[in-house]
Amino acid sequence: MDIPSKYEPQIVEDHWYNYWMDNKYFHSIPDSRKPYTIVIPPPNVTGILHMGHMLNNTIQDVLIRRARLLGLNACWVPGTDHASIATEAKVVARLKEQGIDKKDISREEFLDHAWEWTHEYGGVILEQLKKLGCSCDWDRTKFTMDDDMSASVIKVFIDLFDKGLIYRGYRMVNWDPQAKTTLSDEEVIYEERKGELYYLAYSIEGSEEKVTIATTRPETILGDTAICINPNDDRFRGLKGKKAIVPICNRVIPIIEDEYVTMEFGTGCLKVTPAHDENDKLLGEKHKLETIDIFNEDASLNSFGLHYEGMDRFDARKAIVKELKEKGFLTKVEPYVNKVGTSERTKVVIEPRLSDQWFLKMENLAKPALSAVLETREVKFYPRKFENTYRHWMENIRDWNISRQLWWGQRIPAYYYGDGENDFVVADSLEAALVKAKDKSGNAGLTAEDLKQDEDVLDTWFSSWLWPISVFGGIMEPDNKEVTYYYPTSDLVTAPDILFFWVARMIIAGYEFRGERPFDNVYLTGIVRDKERRKMSKSLGNSPDALDLISKFGADAVRVGLLLSSAAGNDLLFDEALCQQGKNFANKIWNAFRLVKGWEITETPQPESSLKGIEWYAARFNQVLTEIEDHFSKYRISEALMAIYKLVWDDFCSWLLEIVKPAYQQPIDKKSYTAIIAIFENNLKLLHPFMPFLSEEIWQRISDRKPSEALVISSWPELESFNANQIRAFEFTAEVISGIRNIRKEKNIPLRETLELSVLNKEGINEDWDVVIKKLANVGQINIVTEAVDGALSFRVRSNEYFIPVAGMLDIEAEIKKIREELSYTKGFLESVNKKLANERFVNNAPESVVTMEKKKAADAEAKILTLEKSLSNLE
RNA sequence: GGAGUGUUAGCUCAGCUGGUUUAGAGCACCGCCUUGACAGGGCGGGGGUCGUUGGUUCGAAUCCAAUACACUCCACCA
């Protein structure tokens, strides 16, 4: 037999992946079958595979492979996302290395570089997914900047604009001074930072008085245009109507009153800087204040920064504090912890900034998406706890800032023909824009040269929210065969941190653009963390390299390792030891295969024990299959895997194979062999979604298969009814075998030494299973006795008592001790049951079935006590 | 500040609408086995008063309340 004694994944995996690809098993086209569709959460085009992707895509692959086996038309659409901020940042950095500054090149040149980058690195992550075994339909691979995908985005923008849902507004937005773009509210991460609260004294015009305010951002005083006090604050009564003088720039600013000011906080006086704080902006509008923006786009100070012009905001803070101190304006500094918004992508501190941006009105769009999840449950979340989070966000939804001051992405299709606020049109091409512009302006003489397209691009998520529709061409051709067949998709598997970014918006888009949910179920995975619960991250260096893991353990083992510890919705504490467990499991299955394949077959009659074992396994298999189906229906993927793990390792390998295994170098009867092969094949079917490579390898080695007989496209076992009595009888038998093994252990009796067993049968157990006991425990003869056997070791299963005569001295003291322990446990148990039964209220109120059950427990315990006491009296 | 989730063996978790043996699994741990598929294995074993305190009930890990701790999300007052 030329089967290696250890399973070697490296050799096997590429081979079968290529085989599957060559035979186009992953490719799907619409047909008469029911579709089962997953669209991949598109990873960043320039990204590399990390543990989160591994988990996510393993789960998707399990689902899609199972669906394929279930006979559904399984379609998993892969692709990548152009990730405008992240990719642009990388391209900018790379150009910088080459000595090129983005400022010095044209938009077109920059985009050429970006495309070059995309083509160079774009496929990497998808290739990595293949190593993991992902059975995506690679012929359908999409990119969010493919021509048709971009066209969909533009079409949707125009559509929403025409519906009046997209507007342009001068608003306070989140500004990333490094990426030099705005961000949506979702892209801002608030972090606690230790800082200082500075107390500054402003002079009052025409008075010796001072007013002290507290601020965390002293550099912004240069943009102050008012001081605000609470009108109910008696302390500042004298300041009403007066004016204050801003230190350093000596600007005279009004003292205004507004109840917005919290009297208890700081000094009860607030400086108002409408250009650099959302709330101050509202105050500014209310009180008609001037707005002074003191920053450049990179958050260095502009000319309003006076002698600090050109200095970075944080350096300027230090410098200004120093000057304020020297000039006596700084009266106190105290440590202060506050939450600072940072950019999700670049990690720099966000600057609130006023600028012209494009917004999408969300309130009405959100309504159908909210009820779809919470009322009609057309879209179901697993686990359900995320529905609350979703509700909260959707009910408090704010308008979406969709413009980004970047070049990499879909350029906003707005064309300006004049300087007025409304001197623009929105159209899908310059030509169309010209027609509209002529019409809107009434100026028939406009030419293409007079039109200037908006410089900004759209938020990446403004393309990915269409993903489940646009990958099937459903925006451009809403009635095409693909989209009508595959949409709505079946399951979405993603991490909870993009619930708002992506999931919620896809649901919104689904209802808005197709009037239908984008998917039936959303499975939210946990976040992959290390053993110390730290999030896996590049900067911490605690994230193992995905491909290294695969080459070390094999893809199947890594998949098993990831899934074993990932209870639905819980974070996954990743540890390489889990992959080792997966690898051990793979090896276990491999060796079971080696054993079976090594048998010679004869036409001898089937031993009774084998028949019993095979019958029992059939029942057990169906029992476990029932559990597995239940787990899958609840998306409890790791529990489904664990059920299969135990079925294969314990029931199949440890019990069944041991039962049917012929003696060393002896052949096996044909009937048993055929049955075992069929059982093995069914096991492989269950294993395949989890361990695709190993299962296919064994499947193909078991017998010669035509391409149409590959495991990947075979069929999931059908659930059959089973006889639970058979399983109970086996459990009893297993206990007896265990009892014998214990005695062998205690007395150091090797397995090869045949034992004699006597049984005092009070349970009415029939003798069918004796053959199995004889084989597995190496028992020569089983005698039925009516009296306890003297001079024998004993054990009990329920009230049956078993005796094994041993040679030499019997340690009676030990026997007595053992029986006493058992007796005291059983008595304690009986007592607790009897306490219940003695309680009249229990007997009267509890359902009859419960009372009956308790009575049976009591009877069983009593019978056992009787047995034990009798044994004891025999010994004493 | 608001909301949510969790707290069960050393670790990670099951335990669904309260009652199937005085709580289960996997891993880890401890013994003993160079047995002929597999030492990446076998057999056996120890280990939890189910966060705390009350309450409802004939009966609570399971329901309710309070409390402590942990985590997550949202909002944000300088």
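General remarks:
- Of all residues in region A:717-758 being among the aliphatic types (A, V, I, L, M) and open to solvent by 50 Å² or more (accessible area, probe 1.4 Å), the one that is farthest from A:Gly71 (Cα to Cα): A:Leu751
- The set of residues from region A:356-377 being touching a residue at least 24 places away in the same chain (Cβ under 8 Å) and more than 18 Å from A:Trp465 (Cα to Cα) comprises A:Asp356, A:Gln357.
- The single condition from (1) more than 12 Å from RNA strand B (Cβ to nearest atom); (2) under 22 Å from A:Leu301 (Cβ atoms); (3) surrounded by fewer than 16 Cβ atoms within 10 Å (Cβ to Cβ) that A:Asn232 fails is (2).
- Contact map, region A:204-215: first residue of a type in the set (Lys, Arg), second residue part of a strand (DSSP E or B) and open to solvent by less than 20 Å² (accessible area, probe 1.4 Å), Cβ cut-off under 8 Å, separation 6 or more or different chains; pairs are A:Lys210/A:Ala201; A:Lys210/A:Tyr202; A:Lys210/A:Ile204.
- In summary, helices (runs of 4 or more DSSP H) completely within region A:398-472 and bearing 1 or more residues that are open to solvent by 10 Å² or more (accessible area, probe 1.4 Å) occur at A:430-441, A:461-464.
- Test result for A:Thr87, assigned to a helix (DSSP H, G or I) and surrounded by 17 or more Cβ atoms within 10 Å (Cβ to Cβ): yes
- Residue within region A:462-469 that is out of contact with any strand residue (DSSP E or B) (no Cβ under 7 Å at 6 or more places or on another chain), over 18 Å from A:Val426 (Cβ atoms) and of a type in the set (Ser, Thr, Tyr) present: no
- A:Leu573 being farther than 30 Å from A:Lys535 by Cβ and either surrounded by fewer than 19 Cβ atoms within 10 Å (Cβ to Cβ) or more than 12 Å from RNA strand B (Cβ to nearest atom) (or both): no
- You will find that of A:Glu196, A:Glu297, A:Glu208, the residue that is touching a strand residue (DSSP E or B) at 6+ places or on another chain (Cβ under 9 Å), away from RNA strand B (no atom under 16 Å from the Cβ) and outside any helix (DSSP H, G or I) is A:Glu297 and no other.
- For region A:278-302, filtered to residues that are within 21 Å of A:Gln405 (Cβ to Cβ) and among the small types (Gly, Ala, Ser), the residue that is surrounded by the fewest Cβ atoms within 10 Å (Cβ to Cβ) is A:Ser300.
- Qualifying residues in region A:654-685 (those that are more than 9 Å from RNA strand B (Cβ to nearest atom) and hydroxyl-bearing (Ser, Thr, Tyr)) - the one nearest to A:Ile773 (Cα to Cα): A:Ser672
- Verdict on A:Arg33 being touching a His at 6+ places or on another chain (Cβ under 7 Å) and modelled with pLDDT of 95 or more: no
- Taken together, the residues in region A:627-647 that are among the β-branched types (Val, Ile, Thr) and either within 10 Å of RNA strand B (Cβ to nearest atom) or open to solvent by 60 Å² or more (accessible area, probe 1.4 Å) (or both) amount to 0.
- If the condition is being buried (at least 18 other Cβ atoms within 10 Å of the Cβ) and either without any contact (Cβ under 8 Å) to a residue 24 or more places away in the chain or within 16 Å of RNA strand B (Cβ to nearest atom) (or both), then region A:1-57 contributes A:Tyr7, A:Pro9, A:Val12, A:Glu13, A:Met51, A:Gly52, A:Leu55.
- Every condition in (1) crowded, with 19+ Cβ neighbours inside 10 Å; (2) part of a loop (DSSP other than H, G, I, E, B) holds for A:Val772 except the one numbered (2).
- Every condition in (1) open to solvent by 30 Å² or more (accessible area, probe 1.4 Å); (2) of a type in the set (Ser, Thr, Tyr); (3) in contact (Cβ under 8 Å) with a residue 24 or more places away in the chain holds for A:Tyr825 except the one numbered (3).
- Qualifying helices (runs of 4 or more DSSP H) (wholly inside region A:780-876; at least 2 residues being more than 15 Å from RNA strand B (Cβ to nearest atom) and of a type in the set (Asp, Glu)): A:812-838
- Some residue of region A:686-699 being surrounded by fewer than 23 Cβ atoms within 10 Å (Cβ to Cβ), within 14 Å of RNA strand B (Cβ to nearest atom) and β-branched (Val, Ile, Thr): no
- Evaluation of A:Ala275 against (1) buried (at least 19 other Cβ atoms within 10 Å of the Cβ); (2) in a loop (DSSP other than H, G, I, E, B); (3) within 12 Å of RNA strand B (Cβ to nearest atom) (one fails), failing number: (3)
- Residue satisfying all of: in region A:588-610; within 16 Å of RNA strand B (Cβ to nearest atom) and of a type in the set (D, E, K, R); surrounded by the fewest Cβ atoms within 10 Å (Cβ to Cβ) among these: A:Glu600
- Some residue of region A:155-174 being over 28 Å from A:Ala432 (Cβ atoms), under 33 Å from the mean Cα position of the chain (by Cα) and open to solvent by 20 Å² or more (accessible area, probe 1.4 Å): yes
- Count of region A:129-160 residues, restricted to those that are in a helix (DSSP H, G or I) and either closer than 15 Å to A:Ala83 by Cα or at pLDDT below 95 (or both), is 3.
- The C-beta contact set for region A:520-541 (first residue more than 24 Å from A:Phe386 (Cβ to Cβ), second residue open to solvent by less than 90 Å² (accessible area, probe 1.4 Å) and within 12 Å of RNA strand B (Cβ to nearest atom), distance under 7 angstrom, 6+ apart or interchain) comprises A:Lys531/A:Leu573; A:Lys531/A:Asp575.
- Test: residue in region A:371-381 that is open to solvent by 10 Å² or more (accessible area, probe 1.4 Å) and hydroxyl-bearing (Ser, Thr, Tyr): yes
- Residue in region A:535-568 that is modelled with the highest pLDDT, counting only those that are open to solvent by 10 Å² or more (accessible area, probe 1.4 Å), near RNA strand B (Cβ under 8 Å from one of its atoms) and part of a loop (DSSP other than H, G, I, E, B): A:Ser565
- Set A:Ala586, A:Ala592: member being in a helix (DSSP H, G or I) and under 29 Å from A:Lys774 (Cα atoms): A:Ala592
The values are calculated or read from the model by the stated rules, or taken from the named source; none is laboratory data. Fair warning: this is a prediction, and the values are worked out from it, not measured in the lab. Heads up, the Cβs are rebuilt from the backbone with ideal geometry, glycines too, and the neighbour counts pull from every protein chain shown. SASA here: full protein model, heavy atoms, side chains in, ligands and nucleic acids out. Shrake-Rupley method; radii C 1.70, N 1.55, O 1.52, S 1.80 Å.
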